[in-house]
Amino acid sequence: MDLLMATTTQTTRPTPTPALDVYRVREDFPILTVRVHGRPLVYLDNAATSQKPRQVIEAIDHYYRDANSNIHRGLHALSEQATSQYEAARDKVRRFLNADSGNQIIFTRGTTESINLVAQSYARPRLRSGDEVLITHMEHHSNIVPWQIVCEQTGAELRVAPIDERGDLLTDEFERLLTERTKVVSVSHVSNALGTINPVKKLVRLAHQAGAVVLIDGAQAVPHVPVDVRELEADFYAFSSHKLYGPTGVGVLYGRAALLEAMPPYQGGGDMIKSVTFEKTTYNELPYKFEAGTPNIAGGIGLGAAIDYVGRIGLDRIAAWENELLEYGTQALAAVPGLRLIGTAQNKAAVLSFVLDCAHPHDIGTILDRQGIAIRTGHHCAQPVMDRFDVPATARASFAMYNTKEEIDLLVRGIEKVKEVFA
Ligand SMILES: Cc1ncc(COP(=O)(O)O)c(C=O)c1O
């Protein structure tokens, strides 16, 4: 791991943080050596899910080989070992988000489940007819539909803050939509379809001034920007392990302790109870009150390993490299005649959504795939964003710490090939 950083030349000035050595990082990701259709894989679908370093794969493998057992309930050695690894992972998440206590870290299946948990367990008992939930036009379906469901259940209304041509949130409009009726605000930290990084600290402050509780959907943020929930003053923060180099099937809901304490359980079952009789069940304390049933133990441990991995490399280095890729990729794609970038916000994560005047995004994706280049095409679970930009779909290249400028060159060459086919 110490070899991760590229050597820097000696200068008289203080040495800046050494840059990330992308070729060394790539060695940690076994899948990057596979060939697709006879070509080396160029994986540019990281906003959908990122690849896993061997450190994460080995942590999961180690758990199943040497410690597999159910947690919390067993007194035997394996159960204690599994429990301590799982709870250690919770503490890693706590530190990663700078939360006060592990009690505020609920393991879920992912961002989607975390948002549904808040919608059903926080919002549903509180919302009344005439209340409002405020989201933005750039949300992922996972941050739209749970609110539509709870609005239908309670008679509350869903309001949507608009975005501009670049994909930036119109914060004045957001502010205008905040009234005493607004009870919940739920916004993405980073948009998956556009890459826009929202000014979430400011949005939280505005929402709090209006008396609303705020959930931040951090699914696309945590792999790219350091998150400090205390500094953000977020009430809830949700993310998925699989976009952070961890396994699928596990994610996190952070919540302010007072809110979590006051919320009823989301699901009933094992582990979330203190005692059960047919007459009355008392619920377990935080965080277990929200963790019914046997959890994804290996997933939690894998997420802990992913956080260790990201921490060893450093999110600052990762962000610096991804910003370089974003700048290089933006220039390269913008120079392609007939290509229109969708999402050109000032403050962006490394996501490049685009359309070509001569080919449907699905055709772009298929032709690139034949060259071993994996991008995503479609509405990216953000159909309202497609409507806003008046496109049926986009092609989306999204970068992770292991991507290179050479891969962006291959993407551009691949797009040129698409244009030849459809000329
Ligand atoms: C911004 C955003 N929110 C929520 C989700 C849902 O995440 P998951 O499917 O892991 O629950 C995604 C997934 O792409 C996303 O990008």
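List of remarks:
- Checked against (1) in a helix (DSSP H, G or I); (2) open to solvent by 20 Å² or more (accessible area, probe 1.4 Å); (3) not basic (Lys, Arg), residue 72 meets all criteria but (1).
- The range 257-269: number of residues that are surrounded by 20 or more Cβ atoms within 10 Å (Cβ to Cβ) and not aliphatic (A, V, I, L, M): 1
- Qualifying residue in the range 286-304 (condition: aliphatic (A, V, I, L, M), out of contact with any strand residue (DSSP E or B) (no Cβ under 6 Å at 6 or more places or on another chain) and within 16 Å of the ligand (Cβ to nearest atom)): yes
- There is at least one residue in the range 270-290 that is surrounded by 15 or more Cβ atoms within 10 Å (Cβ to Cβ) and either under 30 Å from residue 44 (Cα atoms) or among the β-branched types (Val, Ile, Thr) (or both).
- Leading residue by the ranking (surrounded by the fewest Cβ atoms within 10 Å (Cβ to Cβ)) among those in the range 199-227 that are within 16 Å of the ligand (Cβ to nearest atom) and in a strand (DSSP E or B): 214
- Residue 261 passes every criterion in (1) within 11 Å of the ligand (Cβ to nearest atom); (2) not in a strand (DSSP E or B) apart from (1).
- Taken over the range 230-256, the criterion of being in a helix (DSSP H, G or I), surrounded by fewer than 24 Cβ atoms within 10 Å (Cβ to Cβ) and in contact with a helix residue (DSSP H, G or I) (Cβ under 6 Å, 6 or more places away or on another chain) is satisfied by 232 alone.
- Options 118, 133; residue that is over 18 Å from residue 251 (Cβ atoms) and among the aliphatic types (A, V, I, L, M): 133
- Search result, residues across the range 85-117 that are open to solvent by 30 Å² or more (accessible area, probe 1.4 Å) and under 22 Å from residue 273 (Cβ atoms): 87, 101, 103, 109, 113, 116
- The single condition from (1) assigned to a helix (DSSP H, G or I); (2) over 17 Å from residue 123 (Cβ atoms); (3) open to solvent by less than 10 Å² (accessible area, probe 1.4 Å) that residue 150 fails is (2).
- Here residue 366 meets the list (1) of a type in the set (Ser, Thr, Tyr); (2) within 16 Å of the ligand (Cβ to nearest atom); (3) surrounded by fewer than 17 Cβ atoms within 10 Å (Cβ to Cβ) almost entirely, failing just condition (2).
- Qualifying residue in the range 292-308 (condition: open to solvent by less than 60 Å² (accessible area, probe 1.4 Å) and over 18 Å from residue 240 (Cβ atoms)): yes
- Failed criterion for residue 215 (all others in (1) over 25 Å from residue 181 (Cα atoms); (2) in contact with a strand residue (DSSP E or B) (Cβ under 9 Å, 6 or more places away or on another chain) hold): (1)
- Strands (runs of 3 or more DSSP E) (entirely within the range 322-407) containing at least 2 residues that are touching a residue at least 24 places away in the same chain (Cβ under 8 Å): 339-342, 351-356, 394-398
- Residue identified as away from the ligand (no atom under 16 Å from the Cβ) and of a type in the set (Ser, Thr, Tyr) among 182, 196: 182
The values are calculated or read from the model by the stated rules, or taken from the named source; none is laboratory data. A quick note: this is a predicted structure, and the numbers were derived from the prediction, not measured. Here the Cβ is made from the backbone with ideal geometry for all residues, glycine too, and neighbour counts use every protein chain on show. Quick note on the areas: whole protein, heavy atoms, side chains included, nothing else; ligands and nucleic acids left out. Shrake-Rupley method; radii C 1.70, N 1.55, O 1.52, S 1.80 Å.
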